[in-house]
Amino acid sequence: MTKARLHALRVIQAYVKKHGVGIRPSEFAREMWPNAPGWTRSSNCGQNGSTRGAGMRLAGGSYLSRLKRAGLVVSTHESKWSLTYVLS
């Protein structure tokens, strides 16, 4: 188990304990990498302009998917449109 994975699992555990619900990829990324320069980068969003931090949200989802494949977390559907993760 790497230090990064241990940190990620602690982030998920603390979030779920505090809020009582699973963590979404964007929230995970904000907790995991709060000072990353990717939060200030702008990304094109098609006709609707741009957004900041889109790459960080994707990175959060990717990291959670790797944890899921390793069997460390499970995904849940808190609502119809929201995929969240909790420790397995």
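Relative to the first principal axis of the alpha-carbon coordinates of the chain, what is the inclination of helix 3-19, with its axis defined by its Cα atoms, in degrees from 0 to 90 and to the nearest 10? Rounded to the nearest ten degrees, it is 90.
Approximating the spin labels as points 7 Å out from Cα along Cα→Cβ, the residue 88-to-residue 58 distance works out to 2.6 nm. Take the Cα of residue 41, step 7 Å toward its Cβ, do the same at residue 77, and the gap between the two points is 3.2 nm.
Computed from Cα positions, the angle between helix 54-69 and the longest principal axis of the chain comes to roughly 20 degrees. The portion of the accessible surface of segment 2-88 made up by carbon and sulfur, rounded to a whole percent, is 52 (1.4 Å probe; DNA, RNA and ligands excluded).
Quantify how much of the Cα-Cα distance distribution of the chain extends past 18 Å, in percent. Across the chain, Cα pairs with separations above 18 Å total 44 percent. Residues whose amide H falls under 5 Å from that of residue 73, counting only those 5 or more places apart or on a different chain, are 68, 88, with hydrogens built in the peptide plane.
The values are calculated or read from the model by the stated rules, or taken from the named source; none is laboratory data. Remember, it's a predicted structure, so these values are computed and weren't measured experimentally. Reconstructed Cβ throughout: ideal geometry from the backbone, glycine too, with neighbour counts over all protein chains shown. For the accessible areas, the whole protein counts, side chains as well, though only heavy atoms, and no ligand, DNA or RNA atoms are used. Shrake-Rupley method; radii C 1.70, N 1.55, O 1.52, S 1.80 Å.
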